[in-house]
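Colleague: Sharing a structure with you now.
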Amino acid sequence: MDTASITNLAFAGIAVFGAVLSALALLALRRTRSPRMGFVAAGFLLITVQGVVVGLGLFTGGWDAATLLLLSAAFEAALLAVLFLATLMR
């Protein structure tokens, strides 16, 4: 396998794993009604969306590496903000 195929597979795996974790967190949110769990679910959803967006960008080849890196950094910054807000919740 070449590097591009491995990268596409990795981002697809990240998206699927993030979707599973998002679903589990949403089920836990329904059960506990904790605002923290809502932030955790949002964080997992951000990981899922990042995997899909960056994976599609790699798969279609429409974006250059700098754009994909910037998108990935933006998703990671948003994830850090969501997790920080989760730690501030009571």
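The values are calculated or read from the model by the stated rules, or taken from the named source; none is laboratory data. Remember, predicted model here, so these are calculated numbers, not experimental data. FYI the Cβ positions are ideal-geometry reconstructions off the backbone, even for glycines, and counts take in every protein chain you see.
Colleague: Only one of ALA19, ALA4 is part of a helix (DSSP H, G or I), surrounded by fewer than 12 Cβ atoms within 10 Å (Cβ to Cβ), among the small types (Gly, Ala, Ser) and in contact with a Gly (Cβ under 9 Å, 6 or more places away or on another chain); which?
Modeller: Values: ALA19 fails: surrounded by fewer than 12 Cβ atoms within 10 Å (Cβ to Cβ).
So the residue among ALA19, ALA4 that is part of a helix (DSSP H, G or I), surrounded by fewer than 12 Cβ atoms within 10 Å (Cβ to Cβ), among the small types (Gly, Ala, Ser) and in contact with a Gly (Cβ under 9 Å, 6 or more places away or on another chain) is ALA4.
Colleague: Restricting the search to segment 33-58, which residues are modelled with pLDDT under 90 and polar (S, T, N, Q)?
Modeller: Result: SER34, single match.
Colleague: Looking for whichever is more than 18 Å from ILE6 (Cα to Cα), surrounded by 16 or more Cβ atoms within 10 Å (Cβ to Cβ) and either of a type in the set (D, E, K, R) or touching a helix residue (DSSP H, G or I) at 6+ places or on another chain (Cβ under 7 Å) (or both) here; the options are LEU58, LEU46, LEU71. Which one fits?
Modeller: Numbers: LEU58 fails: more than 18 Å from ILE6 (Cα to Cα); LEU71 fails: surrounded by 16 or more Cβ atoms within 10 Å (Cβ to Cβ).
Exactly one residue qualifies, and that residue is LEU46.
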